Amino acid sequence: LTCDWSSDVCSSDLEFMNNNLRSGGVVIAGSFLVALLLTAMPLPAWAVPWRPAWVAMVLAYWCMALPHRVGIGVGWMLGILVDVLQGALLGQNAVGFAIIAYVVVSWHQRLRMFPLVQQALLIGLLVGISLMFSSWVRGIMGVPPRSWTYWLPAVTSMVLWPWLFIILRDLRRRYHVA
């Protein structure tokens, strides 16, 4: 352990920061931050029902690519963040994201072999299950069911999955995230 007292930085601190950058923690966290920002971004009234489930898609990608680093706990924490961001019942999205993470981590080796079209279908199904769980919780709270447009995020997530997958895969390869 060597320290440069003029800059208040020790060599072990620099090694930790370099290892963290090399291991890709910043890339993973940055992708989740972008997904949260896209979720919070204001849209025109006609586009709100079409908003994809950005956080769920990014979570599914990292669970598939790095199941040893991103899993159910990360899904739960992201769900709590989305609950707070959207003003939903605390845990409503968290359980849905934990289910998505569980399914993807459990099947990650098979999912990697699927063509992007089949992966997209599965992402649409998983987002639909998460929406169904949220609708069930809202029903228990006495909130009346929404119209059929409630299910549109599953469709838009399914359509956008191939492009998001390619972008995140390229980021993972460029920054050697392992």
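The values are calculated or read from the model by the stated rules, or taken from the named source; none is laboratory data. Every value quoted in this text rests on a predicted model; they were computed, and no experiment measured them. Glycine also receives a Cβ, built like all others from the backbone with ideal geometry; neighbour counts cover every protein chain displayed. Please note that ligands, DNA and RNA were not included when accessible areas were found on the heavy atoms of the full protein model with its side chains. Shrake-Rupley method; radii C 1.70, N 1.55, O 1.52, S 1.80 Å.
D for region 125-178, whole µm²/s, Stokes-Einstein with Kirkwood Rh over alpha-carbon pairs at 25 °C and 0.890 mPa s: what number? Spell out each step's value before the answer.
Working: Rh = 13.3 Å.
In µm²/s, the coefficient is 185.
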Checklist outcome for this item: GNM of the chain, Cα pairs under 10 angstrom: of Gly139, Gly79, Gly91, the biggest fluctuation goes to Gly139
Checklist entry - What is the distance, in nm, between label points placed 7 Å from the Cα along the Cα-to-Cβ direction at Ala88 and at Arg173? => result 3.3 nm
Next on the checklist: Can you tell me the length gained on complete extension of the stretch Ala40 to Ile129, counting 0.36 nm per residue apart and subtracting the Cα distance?
Outcome noted: 29.9 nm
Checklist entry - Accessible area per residue of region 42-178 at 1.4 Å probe, in Å²? => result 55 Å²
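Taking 10 °C and 1.306 mPa s as the conditions, I'd like the Stokes-Einstein D for region 95-148 in µm²/s, using the Kirkwood hydrodynamic radius from alpha carbon pairs. Don't skip to the end; give the middle numbers.
Values: Rh = 12.4 Å.
This corresponds to a translational diffusion coefficient of 128 µm²/s.
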Checklist entry - Nearest 20 debye, what's the magnitude of the dipole of region 31-178 about its Cα centre given +1 on Lys and Arg Cβ and -1 on Asp and Glu Cβ? => result 340 debye
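For region 35-135, what D do you get in µm² per second when you plug the Kirkwood radius from alpha-carbon pairs into Stokes-Einstein at 37 °C and 0.692 mPa s? Write down the numbers at each step before the final one.
On the way: Rh = 13.7 Å.
Value of D from the Cα-based Kirkwood radius: 239 µm²/s.
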Next on the checklist: Can you tell me the orientation of helix 72-86 relative to the chain, as the angle in degrees between its alpha-carbon axis and the longest Cα principal axis, to the nearest 10?
Outcome noted: 60 degrees
Item to check | For the chain, built as a Gaussian network whose Cα springs stay under 10 Å, the top-fluctuating residue of Ala60, Ala154, Ala40 | outcome: Ala40
Checklist outcome for this item: Diffing region 114-128: the Karplus 3J(HN,Hα) column from phi (6.51, -1.76, 1.60, θ = phi - 60°), in whole Hz with x for Gly and Pro, holds 5, x, 4, 5, 5, 4, 4, 4, 5, 4, x, 5, 5, 5, x
